[in-house]
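This report refers to the structure that appears directly beneath it.
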Amino acid sequence: MRRRILITGGTSGIGLELANDLSKRHDVMVTGSRPRQDIAEPLSQNLIYVQASQTDPESATQIIAEALLKAGWTRLDNVVLNAGVGHAATDGLDEIDKIRASLDVNLLSTILIARALFPWLQKTHGTLTIIGSVTHNGQGLFPAYAASKGALHGFARALRSEWAGRVSVQILHPGPTHTGMHAKAGHDPGRIAALFLKPSAMARMIEQAMKSKRSPMRLSWAKFIVGGSILGRRL
């Protein structure tokens, strides 16, 4: 069955791989912070693109809601809240502006967008998928990032209870992936980067997790080597 799917942070890395793949079988709207003409990555022409920077959570939420109405989308089957930023701490201390950016993009935007899109999802008994991180239990190099992902874990668990029977809620925690995020964050992971998963493999595991609706789920190297990217059902 063809679905209507919204994916935030869908212009690079895991989000882009997921959006491009799902657009082959479903109607997909993606958001990103850049104008479409400035996106160097291969973004499928089948996608509806909406520029909505989550550095301004309230504005991004309004832009997304207006874009859905403009497209005539009165329901959503799946929402994937994937947009995120991270910054490596200097000497163990995050700068205030980077703390605020991590919390605005990773946490506050997710909360506001989830709240705003509840009516769209309720119409289909749809699924809200929140993308966390394996760092949600704590990560010394990225304390503010880890804090935001830890908060998302608690938020998703609370929503899963609050929305039970109306909207399915899940949180997925991807492990290290070749997305360029470490470089943007100002951190060189060194030789361990050879063990990072490809975005396509992680996107496939996310899609299978979306189908299962299980939560929470850790999507890391261990799951991958036992066939996590090739086993399971797709949306």
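The values are calculated or read from the model by the stated rules, or taken from the named source; none is laboratory data. Because the structure is predicted, anything quoted here is derived from the model rather than measured. Using ideal geometry, Cβ is built from the backbone for each residue, glycine included, and neighbour counts are taken over all protein chains shown. Please note that ligands, DNA and RNA were not included when accessible areas were found on the heavy atoms of the full protein model with its side chains. Shrake-Rupley method; radii C 1.70, N 1.55, O 1.52, S 1.80 Å.
Observations on the structure shown:
- Qualifying residue in the range 81-101 (condition: touching an Asp or Glu at 6+ places or on another chain (Cβ under 7 Å), of a type outside the set (Asp, Glu), part of a loop (DSSP other than H, G, I, E, B) and surrounded by fewer than 16 Cβ atoms within 10 Å (Cβ to Cβ)): no
- Scope the range 27-73; condition of a type in the set (Gly, Ala, Ser) and over 17 Å from residue 113 (Cα atoms); matching residues: 40, 44, 71, 72
- Qualifying residue in the range 133-152 (condition: of a type in the set (Phe, Trp, Tyr), outside any helix (DSSP H, G or I), at pLDDT 95 or above and open to solvent by less than 50 Å² (accessible area, probe 1.4 Å)): no
- For beta carbons closer than 8 Å, sequence separation of 6+ or different chains, a first residue in the range 188-206 that is open to solvent by 70 Å² or more (accessible area, probe 1.4 Å) and at pLDDT 55 or above and a second that is part of a strand (DSSP E or B) and polar (S, T, N, Q), the qualifying pairs are 198/177.
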